[in-house]
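Nothing in this text is a laboratory measurement; each read-out follows from the coordinates by a stated rule. This one's a predicted model, so the numbers in the text were calculated from it and none came from an experiment. Note that we place each Cβ from the backbone using ideal geometry, even for glycine, and neighbour counts take in every protein chain shown.
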Amino acid sequence: MSVRINGRTKLAGVAGWPLDHTLSPAMHNAAYEDMGLDAVYVPLPVRNESELARLVSAVRVLPFLGFNVTMPFKRAVLELCDEVAAQARLAGAVNTVHCADGRLIGYNTDGRGLLQSLADEAGFNAEGKSVALVGAGGAAGAALVAFVVSRAARVAIVNRTKDRAEQLIEAIGPHARTTALAAVALDDAREDVSGADLVVNATPVGMNGSGEMPIPAGWLRRGQIVADMVYRPAVTPLLRAAAEAGAKGVGGLGMLVAQGAMAIDIWAGGDGARAPRDVMRAAADEALSAEREGAGA
Ligand code: NAP
């Protein structure tokens, strides 16, 4: 990558903690270079909400195009924005902030990123479909909003803590005119998972070689689509079980690339620019394989 920084170079970055393993700088800087966008994307490590607030004040006086927000601040940053897009407000989480004429506008591209990766990698369109969404945190909220907006027939929110699934339904349910919603405790979810057209893992279970499954393998069946938001490792235990059951697996890297590309489209799209998804995917793949080689894997 060759970044030529000059007096007019714009800034972008990702705020979160920890950021040691973020793939976003590799993906974004590769895209900016390909697009001829005079900008540089850097990690913005903030350890707590007080540091996040100070970062947001700094962003207001610096030449930022915008910034992404990752765990654990997607909810906290929402309150620091001047305006929040309807879908992000509904999800209760912002992952993309656009600096526009001195104002900070919050968006959430995670849900649309998931839909895009499902369309690209499995030809899946949620309209009229039944979904088992495992998890009830920020990523599940964003996914739920996306499924409601795309008129899924039914979404079962399956979570270890059923109360949190119920809270999501309380917040998003009033906007779900054509989507039936159900909160289901993880232990009781066999029928909801087996009966779904699409199963989505929106928990961190299976990350970093833990070998753990978010749901029992025996609940999956032939013909389903099974999406894992986890992308480290590339083939998670859930994706392996999906393949063994004859289901189609979709890994989390496509979602990561799509949510990042949509952020660039928001920041630079005024000029008709569209982020190069293929370049971003190649950069993310390369960063992941460098990481594996570094770990001696
Ligand atoms: P979060 O807000 O902390 O929510 C975590 C969810 O996972 C909660 O529902 C939690 O259940 C559940 N959970 C955690 N550990 C569990 C366990 N051992 N067994 C069962 N359930 C467990 O996190 P998030 O922001 O939603 O992120 C969830 C995952 O999605 C993370 O791995 C994140 O990296 C990934 N993600 C990927 C992308 C992408 O682009 N691919 C984008 C966003 C997020 P309780 O409510 O019971 O605690």
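The string of couplings for segment 54-67 from the Karplus curve (6.51, -1.76, 1.60, θ = phi - 60°) is 5, 4, 4, 4, 5, 4, 5, 10, 10, x, 8, 6, x, 8 Hz, one whole number per residue in order, with x for Gly and Pro. Note that segment 100-109 has calculated 3J(HN,Hα) couplings of 10, 6, x, 10, 9, 10, x, 10, 10, 9 Hz, one per residue in order, obtained from phi through the Karplus relation 6.51 cos²θ - 1.76 cosθ + 1.60 (θ = phi - 60°); glycine and proline are x.
For segment 61-115, build the convex hull from the C-alpha positions and give me its volume per residue in Å³. Kindly include the intermediate steps, with their values, before the conclusion.
On the way: hull volume 4.5 nm³, N = 55.
Normalising the Cα hull of segment 61-115 by residue number yields 81 Å³.
Relative to one another, the C-alpha centroids of segment 119-167 and segment 1-77 are positioned 29 Å apart. The distance separating the Cα centre of segment 176-193 from that of segment 219-238 comes to 18 Å. When only the Cβ of Lys, Arg, Asp and Glu is charged (+1, +1, -1, -1), the dipole of the chain relative to its Cα centre reaches about 260 debye. Against the chain, whose longest principal axis is taken from its Cα atoms, helix 253-268 shows a tilt of about 40°.
Against the chain, whose longest principal axis comes from its Cα atoms, helix 277-294 is set at around 80 degrees. For segment 1-157, the spherically averaged projection of the C-alpha convex hull amounts to 10.2 nm². For the chain, the equivalent ellipsoid derived from the Cα gyration tensor has semi-axes of 32, 22, 17 Å, listed largest first.
Once the convex hull of the alpha carbons of segment 201-297 is built, what does its volume come to per residue, in cubic angstrom? If you can, show how the numbers build up before the last one.
On the way: hull volume 11.0 nm³, N = 97.
Per residue, the Cα convex hull of segment 201-297 comes to 113 Å³.
When shorter helices are ignored and each DSSP H run of at least 4 residues is given -39500 (n - 2.57), the per-residue value for the chain at 222 nm works out to -12000 deg cm²/dmol. Packing here is the average count of other Cβ atoms within 10 Å per residue, and on that basis the peptides 88-95, 147-154, highest first, run 88-95, 147-154. Taking amide H positions as modeled 1.01 Å from N, with prolines and chain starts lacking one, the residues under 5 Å from ALA39 and 5 or more places away or on another chain are LYS10. Protection proxy ranking of 69-81, 44-56, by the mean of other Cβ atoms within 10 Å over each peptide's residues and highest first, is 69-81, 44-56. Mind checking which lysines have their C-alpha under 22 Å from LYS74, skipping anything on the same chain fewer than 8 residues away? Output for LYS74: LYS162.
In a DSSP loop and with at most 10 other Cβ atoms within 10 Å, the trypsin sites (Lys or Arg not before Pro) in segment 199-277 are ARG222.
Across all directions, the average flat footprint of the convex hull enclosing the Cα atoms of segment 111-251 is 7.1 nm².
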